[in-house]
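What follows is one structure encoded as structure tokens, with my remarks underneath.
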């Protein structure tokens, strides 16, 4: 596989985001790649409303986020779950960006991840993302959810549960094979 540009981030604005850790861990497995790791805190915008859009136009942070997505050869997102759905920070970015360009993810290949401290591993938000992201031109190649993050992941080491590690590597391998093929 040639050197690729990976945009990898956790869909949370938490400074200690476990989803950011998982996304960056996944990106590190694509040896020799350039990794761009946007922090959602850098894309804070007013809460989306049609009135704000009409009064002020689009925030420059939304345009910048779209430019970053367009620059990727691969997008890796690890979805954080708040009350069974997207975090408010991520949803607001998606809302603003999709008003400028409905194809937010530009048809780029995507590895979609999620994790949480619990056994469901962000299952609700994963299902929501799998349903909605293709409408925003996400080309989801593979997905994986890591349950019980604190039990199954260690900083500097990665996924420590052997069974989960096998499933995770299968998801990563599917993306690598798709990138190597002429299909994408």
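Residue 3 meets the conditions (1) outside any strand (DSSP E or B); (2) under 14 Å from the mean Cα position of the chain (by Cα); (3) under 21 Å from residue 106 (Cα atoms) in every case but one. The failed one is (2).
When the range 36-57 is limited to residues that are surrounded by 16 or more Cβ atoms within 10 Å (Cβ to Cβ) and assigned to a loop (DSSP other than H, G, I, E, B), the one that is nearest to the chain's Cα centre (by Cα) turns out to be 38.
Regarding the range 74-89, can at least one residue be identified that is touching a residue at least 40 places away in the same chain (Cβ under 8 Å), under 19 Å from residue 127 (Cα atoms), part of a helix (DSSP H, G or I) and touching a strand residue (DSSP E or B) at 6+ places or on another chain (Cβ under 6 Å)? No, the range 74-89 has no match at all.
Can you tell me which residue is farthest from the chain's Cα centre (by Cα) among those in the range 133-168 that are part of a helix (DSSP H, G or I), surrounded by 13 or more Cβ atoms within 10 Å (Cβ to Cβ) and free of Cβ contacts under 8 Å to residues at least 12 places away in the same chain? If we take residues in the range 133-168 being part of a helix (DSSP H, G or I), surrounded by 13 or more Cβ atoms within 10 Å (Cβ to Cβ) and free of Cβ contacts under 8 Å to residues at least 12 places away in the same chain, then 151 is farthest from the chain's Cα centre (by Cα).
Only residues that are in contact (Cβ under 8 Å) with a residue 24 or more places away in the chain and either more than 18 Å from residue 169 (Cα to Cα) or touching a helix residue (DSSP H, G or I) at 6+ places or on another chain (Cβ under 6 Å) (or both) were counted across the range 27-49, and they come to 14. Each residue in the range 101-145 was checked for being on the phi > 0 side of the Ramachandran plot and touching a strand residue (DSSP E or B) at 6+ places or on another chain (Cβ under 6 Å), and 3 pass. In the set (1) within 22 Å of residue 139 (Cα to Cα); (2) touching a strand residue (DSSP E or B) at 6+ places or on another chain (Cβ under 7 Å), the condition left unmet by residue 18 is number (1). Answer with yes or no whether residue 94 is touching a helix residue (DSSP H, G or I) at 6+ places or on another chain (Cβ under 8 Å), part of a strand (DSSP E or B) and either within 22 Å of residue 35 (Cβ to Cβ) or in contact (Cβ under 8 Å) with a residue 12 or more places away in the chain (or both). Criteria not met by residue 94. May I ask you to list the residues in the range 58-73 that are surrounded by 13 or more Cβ atoms within 10 Å (Cβ to Cβ) and either part of a helix (DSSP H, G or I) or within 17 Å of the chain's Cα centre (by Cα) (or both)? Passing the criteria: 61, 62, 63, 64, 65, 66, 68, 69, 70, 71, 72, 73.
Set side by side, the residues 13, 17, 28 differ, and just one is exposed (fewer than 15 other Cβ atoms within 10 Å of the Cβ), within 15 Å of the chain's Cα centre (by Cα) and closer than 21 Å to residue 121 by Cβ, which is 28. Scanning the range 105-123 for residues that are more than 17 Å from residue 37 (Cα to Cα) and part of a loop (DSSP other than H, G, I, E, B) gives 106, 107, 116, 117, 118, 119, 120, 121, 122. Within the range 12-26, the residues that satisfy the criterion of being out of contact with any helix residue (DSSP H, G or I) (no Cβ under 7 Å at 6 or more places or on another chain) and outside any helix (DSSP H, G or I) are 14, 15, 16, 17.
Since every read-out is calculated from the coordinates, none of them should be taken as a lab result. No experiment lies behind these values; they were computed from the predicted model shown. Here Cβ is always computed from backbone atoms with ideal geometry, including for glycine, and neighbour counts include all displayed protein chains.
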